[in-house]
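Here's the structure we're looking at; comments come further down.
The values are calculated or read from the model by the stated rules, or taken from the named source; none is laboratory data. Treat the numbers as computed from the prediction; the structure is a model and nothing was measured. Virtual Cβ from ideal backbone geometry, glycine too; neighbours counted across all protein chains shown. Accessible surface is based on the protein model in full, side chains and every heavy atom, while ligands, DNA and RNA are left aside. Shrake-Rupley method; radii C 1.70, N 1.55, O 1.52, S 1.80 Å.
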Amino acid sequence: MKTELRGNNTSISLENPSLFNNPQCSISGALKGCLGSLDGACIEKLLLHCASALEHNDGTLAQQVMWVLNNVASLVGDPNQRLASWFLRALISRASKVCPTAMNFDGSSTILRRHMSVTELAVYVDLIPWHRFGFCASNSAIFNAVEGYSKVHILDFSITHCMQWPTLIDALAKRPEGPPSLRITVPSCRPPVPPFLNVSCEEVGLRLSNFAKFRDVPFEFNVIDHDPFSFTSSEIMSKESSHDFHFELLLNHLTPSMLNLRDDEALVINFQNWSRYLSDEQKGNSVQDSSLRDAFLRTVKGFNPCIVVVVDEDSDLSAPSLSSRITTCFNYLWIPFDALETFLPKDSCQRIEYESDIGHKIENIISFEGVQRIERLESGIKLAQRMKNAGFLSVPFREDTIGEVRSLLEEHAGGWGMKREEDHMLVLTWKGHNSVFATAWVPSGLQD
């Protein structure tokens, strides 16, 4: 079924099929029924076979499977072949760490990530509705939540460099009662993941300020600047990774005084593809110990925001098992590869660059473990339960929000759709498969 949904009917000929004529060959069982037609299901089978070899420190078998994958994968092939290329790269990287003496591959090379201009980033997020879906649903929910307020403060945690906000500023400018004064606060640190921008946070804030001025919206932009030198050397050395270190520093700076929270403002908390980068591992063994992700949620709940919006990719990629992560990741991330196939040529630089950023994610999910594996995505269902455990109540999106999202999707390929799930969740779908979820929450006791 999965192969049919990917729409891949291409037969791929292997360059050296005699390799599998030997009944003693370990790969022959993995490829039974696949030779001559390596579709998505067979590629997945090969990936799992390679993962098993690596988990058993069998470098020879891993090399054999990678040789086959290398003859199948292509960065300019069909969606399955392109996806296989990035999984192969991730497995090579992992193999170079797990079986360095047995491997002939060099997994140490890195892809140079291009830093985009603001204009290029705007085109990037418009390519498919992966990001715009969340922007649209969140902005509409925020616009409705701050109705009647003359002052609004948005605490923004996202990876897309404030690309969400010009649309909201424009909508607030058109309010019949006039626009509110708007403050946006962002952290100075962000997860080290694409897309990357070639200007600073401060420059982004200046551009937003100029746009708000043009739309006659009173505007203020602030950056939460956490200084690592304010910590002692022993505190710094005790941190397990620079990634956790930055986020724990940020958490320590999330206080009403540091954020200059004001009683007369409507406070909005915006999470866009962010919470997955907060560690979900419990610190300590006692019941009182919690993960950094839970600590963040408890902290923002204490600010009594009028709304918290959470948008992220709807898949569970935090399993400790490598095989489980490969299966889930392969059957989830084919979605953007398949969607791009519908309107961009195979050799499109724009397409290759977008897929390269997905490959960055795949490499972290497959190649790394421990604190270095920062891509710890959880499904919308799990996130909803986490929010409820933290003391939040879900709130429904209004019908005007639903209408705006549907209008957005009409601008894109026909395979995109939207559905509603439990806890008032909106879900972006591609050919019926969940892609991105959007949810809105309020602290318990604040719901009307």
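Would you check which residues across region 155-182 are assigned to a strand (DSSP E or B) and either open to solvent by 10 Å² or more (accessible area, probe 1.4 Å) or farther than 16 Å from N222 by Cβ (or both) and list them? Spell out how you get there, then give the answer.
To start, the set of residues in region 155-182 that are assigned to a strand (DSSP E or B) comprises 155-158, 181-182.
If the condition is that a residue be assigned to a strand (DSSP E or B) and either open to solvent by 10 Å² or more (accessible area, probe 1.4 Å) or farther than 16 Å from N222 by Cβ (or both), then S158, S181 are the ones that fit.
Would you mind finding the one in E203, E177, E220 that is touching a Ser or Thr at 6+ places or on another chain (Cβ under 8 Å) and acidic (D, E)? Before the answer, list the steps.
Working: E203 fails: touching a Ser or Thr at 6+ places or on another chain (Cβ under 8 Å); E177 fails: touching a Ser or Thr at 6+ places or on another chain (Cβ under 8 Å).
Going through E203, E177, E220 in turn, the sole match is E220.
Just need a number here: residues in region 183-224 that are within 20 Å of S158 (Cα to Cα), of a type in the set (K, R) and open to solvent by 40 Å² or more (accessible area, probe 1.4 Å).
The total comes to 2.
Among the residues of region 341-354, write down those that are open to solvent by 70 Å² or more (accessible area, probe 1.4 Å) and closer than 14 Å to P129 by Cβ. Quick ask: steps written out before the conclusion?
Step one: filter region 341-354 for residues open to solvent by 70 Å² or more (accessible area, probe 1.4 Å), giving 342-343, 345-347, 349-350.
Result: T342, F343.
Results for (1) aromatic (F, W, Y); (2) surrounded by fewer than 17 Cβ atoms within 10 Å (Cβ to Cβ); (3) more than 18 Å from the chain's Cα centre (by Cα), shown as yes or no for each residue.
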residue: L267; (1), (2), (3): no, no, yes
residue: F271; (1), (2), (3): yes, no, no
residue: V310; (1), (2), (3): no, no, no
residue: F330; (1), (2), (3): yes, no, no
residue: W334; (1), (2), (3): yes, no, no
residue: A339; (1), (2), (3): no, no, no
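Please give the number of the condition E120 fails out of (1) closer than 27 Å to G415 by Cα; (2) open to solvent by 20 Å² or more (accessible area, probe 1.4 Å); (3) touching a residue at least 12 places away in the same chain (Cβ under 8 Å).
(3)
So, A319, is that one open to solvent by 10 Å² or more (accessible area, probe 1.4 Å), within 21 Å of S158 (Cβ to Cβ) and either assigned to a helix (DSSP H, G or I) or without any contact (Cβ under 8 Å) to a residue 24 or more places away in the chain (or both) or not? Reasoning before the result, please.
Values: open to solvent by 10 Å² or more (accessible area, probe 1.4 Å): yes; within 21 Å of S158 (Cβ to Cβ): no; either assigned to a helix (DSSP H, G or I) or without any contact (Cβ under 8 Å) to a residue 24 or more places away in the chain (or both): yes.
The answer is no for A319.
Quick check on my filter: what residues within region 416-430 are under 19 Å from L333 (Cα atoms) and crowded, with 16+ Cβ neighbours inside 10 Å?
W416, M418, V427, L428, T429, W430
Applying the selection to region 59-86, what residues are closer than 12 Å to I43 by Cα, free of Cβ contacts under 8 Å to residues at least 40 places away in the same chain and part of a helix (DSSP H, G or I)?
Passing the criteria: V65, M66, L69, N70.
Being open to solvent by less than 30 Å² (accessible area, probe 1.4 Å), among the aromatic types (F, W, Y), assigned to a loop (DSSP other than H, G, I, E, B) and modelled with pLDDT of 95 or more is the requirement here; does W130 meet it? Write out each step before concluding.
Numbers: open to solvent by less than 30 Å² (accessible area, probe 1.4 Å): yes; among the aromatic types (F, W, Y): yes; assigned to a loop (DSSP other than H, G, I, E, B): yes; modelled with pLDDT of 95 or more: yes.
Yes.
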